[in-house]
Amino acid sequence: MDAAARAMMLFLIAGMASFIIIHVYDDTCLTMNRYLLVQHQLSETKALDALFYQRNSMSDSPSTLMQANSPSRVYHLRSYGGADPTGKADSTKALVEAICDALEGPTNGYLMEGILNLGGAQINLDGGIYMISRPIQFSVAGRGNLVIQGGTIKSSDNFPNDSYLIDLSPSKSNGSLEYNYEFVTLRDLVLDSNFRGGGIRVVNSLRISIDNCYITHFTTNGIIVQGGHETYIRNSFLGQHITAGRDTGERNFSGTAINLMGNDNAVSDVVIFSAKIGIMISGEANTLYGVHCYNKATGYGGTGIYLRVPSGLTQTRIVNSYLDYTGIVVEDPIQLHISSSFFLGDAYILLKSVKGVANGVNIVDNMFSGSNKGIDNIQLDQENGAFTKIDQVVIDRNNVKGMNVKATVARRSKHGNGSSWLVDLNSVLLFPNLIKQLHYTFIPNGNYFPKHALRNVSNNQVLIESNVPVEATIYITADQGSSFSNS
């Protein structure tokens, strides 16, 4: 074999060897890749198994087992014997048993001193309608953090006329407790008193919440709060009769929708559509916000909001509310604020003198709409005696349409030619024969510099005189509510 043939043979042998090596290398890489992938999958599986085992181990821990075996704080009324969610049979026994179970259920420390924390226990009506023949009254005092929710409770035909469907007062003495209950919530409930008694009674309790409730057919009070502090009534609807206004029986409406006989309570975003009195207040430091009263027209003897505070300190704020054909009555107002509210249908505010006191009163920035019958937007009742102790009273910046505006601040101007200018402010000023402060500006025409002086303010008539006759314009601001002080 010549040299050329041997060279060709060696080249072919070397090429085949390279192919075999490359092929083997490729197969080996593929095998290794597959091996690594399988190993990775096995590692993930082992990790998941370990995590699952760890979670199972955790679920079997003593603390978790204790939670799983702890008694429930949710009590479903349907699970109690005798509960009839159709409202046909008497469910009193079942409801009382559910409440007793909740009150005697597991607790976790205290809220206020002596108030056991029930941990948010819930009594669920689960959308049922339940008829009862006697009040739902708590068997013991000293409980808190409890919810009753989600259904309808109605009075039977033999329900006591002087009782309430839900009565937050203990059936026996609470001993020496300062408050009966704390942080009890009544929500998402329809309470139908069936014209027998009232809806909810709260006695000497703290931080009670009544939210999203519809209370009707009461003859006494829809809600009454006696003593205690901070009952908050929100997003609720109350009416003795179910109506939307212009009811043919409106003259006969009776009862009071909300009766606040305690301090520091609040009513917000509430509609009162039928009752003789919408809200009665005899406690101090209460707040009303976003309340719409069309419970009974003033012309039929109704009152939207009545404030009668025996302590003498009204200290009430009524803001952003709607008095619809029914007004506000306040006896001897002391620290009263009414603002940003709307009065429709000749509705007005009446200040009633009992001891002749009006002190620290702000009635400002309200709107009044009437029927052009000459009705004053702010009125006085002085049958028991005149207001004689008047200080820091500001009734101003209210606008009227179809009514007469009354205020404690009057602004007038008068142009004349002479030496005296008499301005009568009785059409505006609220209190008779009372001007505590008066400012006037005297602007003569031409190049005159006459002497001028305020001569008289009796009977709410302002007299200004100049030493010589002159053509001039005077501007007057009179204030009845406050006087200058050197202190």
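Below is a table of values for the structure above.
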item: Only one of 482, 466 that is open to solvent by less than 60 Å² (accessible area, probe 1.4 Å), of a type in the set (S, T, N, Q) and modelled with pLDDT under 95; result: 482
item: Output for the stretch 150-204, where each listed residue is of a type in the set (Phe, Trp, Tyr), closer than 20 Å to residue 124 by Cβ and open to solvent by 10 Å² or more (accessible area, probe 1.4 Å); result: 183
item: Unique match (being within 24 Å of residue 372 (Cβ to Cβ), without any contact (Cβ under 8 Å) to a residue 60 or more places away in the chain, crowded, with 24+ Cβ neighbours inside 10 Å and among the hydrophobic types (A, V, I, L, M, F, W, C)) among 277, 305, 318, 328; result: 328
item: Residue within the stretch 238-248 that is in contact (Cβ under 8 Å) with a residue 12 or more places away in the chain and in a strand (DSSP E or B) present; result: yes
item: Candidates 249, 262, 299, 255 - the one that is closer than 19 Å to residue 210 by Cα and of a type outside the set (A, V, I, L, M, F, W, C); result: 262
item: Any chance residue 101 is closer than 19 Å to residue 188 by Cα, at pLDDT 95 or above and either open to solvent by 60 Å² or more (accessible area, probe 1.4 Å) or part of a loop (DSSP other than H, G, I, E, B) (or both); result: no
item: Count of the stretch 114-149 residues which are open to solvent by 10 Å² or more (accessible area, probe 1.4 Å) and closer than 18 Å to residue 101 by Cα; result: 16
item: Single unsatisfied condition, residue 446 versus (1) part of a strand (DSSP E or B); (2) in contact (Cβ under 8 Å) with a residue 24 or more places away in the chain; result: (1)
item: Matching residues, the stretch 246-262, being surrounded by fewer than 20 Cβ atoms within 10 Å (Cβ to Cβ) and either closer than 17 Å to residue 226 by Cα or of a type in the set (S, T, N, Q) (or both); result: 248, 252, 254, 261
item: Residues being among the β-branched types (Val, Ile, Thr), in contact (Cβ under 8 Å) with a residue 60 or more places away in the chain and either part of a strand (DSSP E or B) or open to solvent by 20 Å² or more (accessible area, probe 1.4 Å) (or both) - total across the stretch 379-427; result: 5
item: Residue list for the stretch 443-456, filter: surrounded by fewer than 18 Cβ atoms within 10 Å (Cβ to Cβ) and either of a type in the set (Gly, Ala, Ser) or touching a strand residue (DSSP E or B) at 6+ places or on another chain (Cβ under 8 Å) (or both); result: 443, 444, 445, 446, 448, 450, 451, 453, 454, 455, 456
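Conditions (1) at pLDDT 95 or above; (2) more than 21 Å from the chain's Cα centre (by Cα), marked per residue:
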position	(1), (2)
253	yes, yes
259	yes, no
292	yes, no
296	yes, yes
302	yes, yes
313	no, yes
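The values are calculated or read from the model by the stated rules, or taken from the named source; none is laboratory data. Just so it is clear, the structure is predicted and the values come from calculations on it, not from any experiment. Note that each Cβ is placed from the backbone with ideal geometry, even for glycine, and that neighbours are counted across all protein chains shown. In case anyone asks, the SASA skips ligands and DNA or RNA and just uses the protein heavy atoms, side chains included. Shrake-Rupley method; radii C 1.70, N 1.55, O 1.52, S 1.80 Å.
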